[in-house]
Amino acid sequence: MQLFSGRWPSVCWRCEILAGNSSLSQQPSCLSFINLLSLEYFFALELLRPVLLWLAFVELNQVGRTKFVAVLKAWLPYLLTLLAVVLWRTVIFPYQTHNYQPALLSRLAADPVSGFLGLAGTVLKDLWVVTFSAWNDIFHLPTLSELGMRNFVLWAGAVLLGFAALAFFVLKNSTARNSEKSTSFQMVLVSLAALLAGGLPFWVTDLPVGLGFPNDRFTLPFIFGVSLLIGALVHLLPGGRVVPQFLLASLVSLSIGSSSSIPLHTSAIGIFSAPCSGR
């Protein structure tokens, strides 16, 4: 929402925040405070906010010092929120810090070369998992025997409806995107930075990122970077308007189907559809 208001302040209530309305500016920073207190996975992503704001403000006709001040003013409430949460985590209530030690720093201090090489290998492996391996399941299409007729119809309806909605949306907006193709290269760079920031808390504390329970929760902060990367790469594909947009709609609709098939499959084996029996 903040980025949206940065590029189109005339059509978003958040322009009052960027304009300096202190009573409103407290609201998003409070939401950020709650988020950071509840889940520390997104700590490092907050450092990307000034970069994103800088890119979002390109249409405000602000340059140099004026633009820098505008970005700093917009980021300041979030920066103060981040510092307050860091103070809480490290000094006032250091439970998380004590239980998840920064093991990476100790390894780098003991043997910088070995520590860096090990970190590089972990980073590449984890980025492959969240960017490519995580998509394998969407290509597993459930069968009628797995879901049953009713659930199979619901699954197929979710996929087709999602594809139709996404195809309509992306085709409707593709004309404007063609004139901004150069921004896709910016998106690739930002997405790579977001992927690195998303994994930083886990690489510092030696927590393995994976697709199985319970480590699959560590993939959450990578969603932003992966989404940007896929959107940018699809936009850079040749084939005019149809091929990239068709591919994007297909990926999203298959993802919808993959997500919806999990509860439907569970229902088919009787966990949710069974009568109340004290389970």
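Observations on the model:
- Residues being in a loop (DSSP other than H, G, I, E, B) and modelled with pLDDT under 75 - total across the stretch 137-187: 4
- Residues located in the stretch 80-131, provided they are outside any helix (DSSP H, G or I) and without any contact (Cβ under 8 Å) to a residue 24 or more places away in the chain: Phe93, Pro94, Asp111
- Residue in the stretch 58-74 that is in a helix (DSSP H, G or I), at pLDDT below 85, surrounded by fewer than 12 Cβ atoms within 10 Å (Cβ to Cβ) and at positive phi present: yes
- Verdict on Trp135 being without any contact (Cβ under 8 Å) to a residue 24 or more places away in the chain, closer than 17 Å to Gly212 by Cβ and surrounded by fewer than 19 Cβ atoms within 10 Å (Cβ to Cβ): no
- Test: His235 is outside any loop (DSSP other than H, G, I, E, B), modelled with pLDDT under 85 and surrounded by 17 or more Cβ atoms within 10 Å (Cβ to Cβ): yes
- Ala164 being within 15 Å of Ala249 (Cα to Cα), in the same structural domain as Asp216 (by TED's automatic domain parsing) and within 25 Å of the chain's Cα centre (by Cα): yes
The values are calculated or read from the model by the stated rules, or taken from the named source; none is laboratory data. Given the structure is predicted, the values throughout are model-derived calculations rather than measurements. Don't worry about glycine lacking a Cβ; one is built from the backbone with ideal geometry, like all the others, and counts go over all protein chains shown.
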